[in-house]
Amino acid sequence: MADQSAPQEMTEVSEAQIAVHWKEEEYFQPAAQLVAQANLNDPRVRERFALEKFPDCFREYAAMLDWFEPYEKVFDGSNAPFWKWFTGGKINAAYNCVDRHLAKYASKPAFIFVPEPETETETRITYQELYTRVNEMAALLRDFCGLRAGDRVTFHLPMTPELPITMLACARLGIIHSQVFGGFSGQACGSRIQDSGSRVLITMDAYWRNGALIDHKQNADIAVQTAKELGQDVDKVLVWQRYPGKYSAPTPMVNGRDYFVNEVLKNYRDKIVEPEKMDSEAPLFLMYTSGTTGKPKGIQHRTGGYLAYVAATSKWVQDIHPDDVYWCMADIGWITGHSYIVYGPLACAATGIIYEGVPTYPDAGRPWRIAEKYRVNIFHTAPTSIRMLRKLGPEEPRKYNYHFKCMTTVGEPIEPEAWRWYYNEVGKKQAAITDTWWQTENGGFLCTTIPALDAMKPGSAGPGAPGIHPVILDENGDEVPAGSTRAGNICIRNPWPGIMQTIWGDPARYVQTYYARYNKNPASKNWRDWPYLAGDGALLAADGYFRILGRIDDVINVAGHRLGTKEIESACLTVPEIAEAAVVPVMDEMKGRVPEVYIALKPGIIASDEIRARVIKANEELIGKIARPKHVYIVPDMPKTRSGKIMRRVLASISNRKEVGDVTTLANPNVVEEIRVMVQGKDAQVTQGEIPEDIAKFGEEK
Ligand code: WT7
């Protein structure tokens, strides 16, 4: 175990740091070829979706779907802020993603599955095959598991086509799916099983990651055990086999509880299950995400509004046509994958790539070989992957003959330098980039340029998407005007069809987290009184483009994924020797931010590498590898205010090599220098430049 407290070599100023004092960037214009064929080329689209047109403008989105029964009302805000969309309408998400395409696209691939090992051949799943497989799986869920509309089912599935097939099978019956990212630990999965009240867990025996066939089944046993300890029994574990007919995990199956899906499926061959005519407002799925407090929130998305929103934004922002080949490199276990690998693209009858593994396996040319081989023309990824691919293979894209018309970036702010590499090298100066800003709670893109209509500006997400009206509010709730150099809290003035319904089982937390900050009258039934608080700091330039600065709450965005500080600190505190733990975000060249942990031991306990190792292990086991702290520092005492509050802001300054400022009012000011020396070495290391908002304000009382 390496010494986790060793002082680090100071590197040059990273791009993440440069990003906070950007200059105004020059514009880039979309290629004529793209404009000529674009789905959305009406320059007046934002007039059509002006605030005065709310909510009727969204009829256009609902019209992109097939309804069993038409809706009566576009929007119902009578129980603000629990909005309802397209009420009275009856619809089925699986029908819209699969059945309705059969007439025209039955033999066109819906998905091309690309396994991580390059020696393994791809699998093409046509819309007809998808239809068959979704129906068979739906029959199994209904008849073998006894599941009905409204029941919840937890998945812990990796990136293979079985994941969207199982999602769509649930959607066909109105069963609410809750997919937990496959990289999360068994414990993390177990607590989400409990929170959602699932009695069925669906998993896979194994999957490839970075050249290794990982035993994933072992996580299911831990998940079931954890859920049971929390009071939720799981009576069936359905295990897909990565290689059907062969069990690829060393962990044994549990008799009477665990079943191989592909074996049970034999009893449902060619079974057809009528799609349930679901209420537009029926929940479609849950997606857990981290917040400020310890417990992850089950974000609940509705059927009609959500599907309309992701279908429309896939069509207009990603410019997906049925004859495009689209590849989103995200994992389906995150909201990006739900909205922009599964529901949105399928609603547009796209052909999508599902890639099993890591983008840099076996080398940094892999994504471009995939793009060339399958003629991918729309590409979607995150800044963290862009930075990684650029670092490992800056000239790799040139070696391959592919052509992208559009590219998306999502998940964290992108530095203009990384953006330009993406544009020049990956996009070969021909692809339009959309920097899409949104969140798990939002269903789909909130700020973005429209590829054929808007100029691109590196580092800026752009204006609101059609029908989305963002505003920057200051501490007092006053608007910060465009062109101001002041940052503030980005909010959305109006509801939209993709917004979450609520937090599963915790409506009070939904109101508190997203609306309480700027609502002045809780009794108001007027949506104008309920600006949605996203939780990000942002700036609005004079041209109407938003530049997102990062989280304003104590959420750490690691490689585009949210981790709650309380979750990490709670994991640390499971190590019995630890008295106190504080986690802070540290700027990282590849991942944007990574967590760094400070711990104080109980009296009489001696600091050791062994304790540090157990802190790391606790995070990996309770949350997942993504939460692995970069360093664990064992400190003599935490810097504290006189009232005993840990000053995380001071620790964040030390970790990020920033001035700590005046600490004389602390209860124990001397410990600050002691900790600084431990982290930075004897001579103070201070990196020049502005402090990113999320770090400067980290740990502040909000
Ligand atoms: C947080 C949401 C749904 C997207 C995947 C992450 C940050 C997201 C951008 C962007 C700057 C971004 C925000 C946001 N974020 N996209 N284009 N530019 N920051 O979803 O896990 O719910 O995280 O990711 O901080 O609040 P998520």
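The values are calculated or read from the model by the stated rules, or taken from the named source; none is laboratory data. Note that the coordinates shown come from a computational prediction; the quantities given were computed from them, not determined experimentally. Because the Cβ atoms are built from the backbone with ideal geometry, glycine has one as well, and the counts that use them run over all protein chains shown. Only protein heavy atoms, including side chains, enter the accessible area calculation; ligands, DNA and RNA are left aside. Shrake-Rupley method; radii C 1.70, N 1.55, O 1.52, S 1.80 Å.
Observations on the model:
- Take each peptide in 640-651, 471-482, 609-620, 542-553, count the other Cβ atoms within 10 Å of every residue, and average; sorted highest first, the result is 542-553, 609-620, 640-651, 471-482.
- If only the Cβ of Lys and Arg carry +1 and only the Cβ of Asp and Glu carry -1, the dipole of region 522-610 around its Cα centre is close to 520 debye.
- DSSP finds beta bridges in the chain, and of those with both partners inside it, around 60 percent are antiparallel.
- Built amide H within the under 5 Å cut-off of Ile433, gap 5+: Met407
- Gyration tensor verdict on region 508-575 (Cα atoms; rounded if a/c is under 1.5, prolate if a/b is larger than b/c, oblate otherwise): oblate
- In Å², nearest 10: area of Arg593 left accessible to a 1.4 Å probe: 30 Å²
- For region 226-267 versus region 56-87, the inter-centroid distance based on Cα atoms is 39 Å.
- Cα gyration tensor, region 283-422 - rounded (a/c under 1.5), prolate or oblate: oblate
- Comparing Phe155, Ser191, Gly245 along the charge dipole axis of the chain, the residue lying farthest to the positive side is Gly245, per the Cβ-charge model.
- When the alpha carbon gyration tensor of region 334-409 is reduced to an equivalent ellipsoid, its three semi-axes come out at 22, 14, 11 angstrom, largest first.
- Surface composition of the chain: carbon plus sulfur atoms hold 50% of the accessible area, using a 1.4 angstrom probe and ignoring ligands, DNA and RNA.
- Accessible surface, 1.4 Å probe, highest first, among residues Thr502, Thr664: Thr664, Thr502
- The Cα center of region 667-690 and the Cα center of region 289-333 differ in position by 42 Å.
- Flagged links, alpha-carbon separation over 23 Å, of Lys84/Lys236; Lys373/Lys399; Lys457/Lys658: Lys84/Lys236; Lys457/Lys658
- Greater than 24 Å apart at Cα, pairs in Lys602/Lys645; Lys391/Lys630; Lys217/Lys566; Lys228/Lys617: Lys217/Lys566
- Sum of -39500 (n - 2.57) over DSSP H runs of 4+, divided by residues of the chain (222 nm, nearest 500): -6500 deg cm²/dmol
- 16 Å Cα-Cα reach of Lys104 towards aspartates and glutamates, excluding residues that sit fewer than 8 places from it in its own chain: Asp66, Glu129, Asp323, Asp324
- Taking amide H as placed 1.01 Å from N in the peptide plane, the amide H of Arg302 sits under 5 Å from that of Leu284, Gln501, each at least 5 places away or on another chain.
- Summed over the residues of the chain and divided among them, the accessible surface reaches 37 Å² per residue at a probe radius of 1.4 Å.
- Check: region 69-188 dipole with +1 on Lys, Arg Cβ and -1 on Asp, Glu Cβ, in debye: 480 debye
- Residues in region 64-89 reached by a label modelled at Asp56 [backbone nitrogen below 11 Å; 7 Å Cα→Cβ]: none
- Net charge dipole size for the chain [Lys, Arg +1 and Asp, Glu -1 on Cβ; Debye, nearest 20]: 980 debye
- Each residue of region 315-330 was assigned a 3J(HN,Hα) from its phi angle through the Karplus expression (A = 6.51, B = -1.76, C = 1.60, θ = phi - 60°), giving 6, 8, 8, 8, 6, 7, 10, x, 9, 8, 10, 10, 9, 9, 7, 5 Hz with x at Gly and Pro.
- The convex hull drawn around the Cα atoms of the chain, when projected onto a plane and averaged over every direction, covers 29.5 nm².
- The listed residues Asp233, Asp279, once ranked by accessible area (1.4 Å probe) with the largest placed first, stand as Asp233, Asp279.
- Within a straight-line Cα-Cα reach of under 15 Å, Lys23 can be paired with the following aspartates and glutamates, leaving aside sequence neighbours fewer than 8 residues apart in one chain: Glu15, Glu415, Glu417, Asp543, Glu690.
- The trypsin sites (Lys or Arg not before Pro) of region 262-366 meeting both criteria, a DSSP state outside H, G, I, E and B (loop) and at most 14 other C-beta atoms within 10 angstrom of the site's C-beta, are Arg269.
- Ligands, DNA and RNA aside, Ser570 has an accessible area near 60 Å² when probed at 1.4 Å.
- In sequence order, calculated HN-Hα J values of region 51-64 (Karplus, 6.51, -1.76, 1.60; Hz; x Gly/Pro): 4, 5, 8, 5, x, 4, 4, 6, 4, 4, 6, 4, 5, 7
- Reported to the nearest whole Å, the Cα centre-to-centre distance from region 181-203 to region 396-434 is 35.
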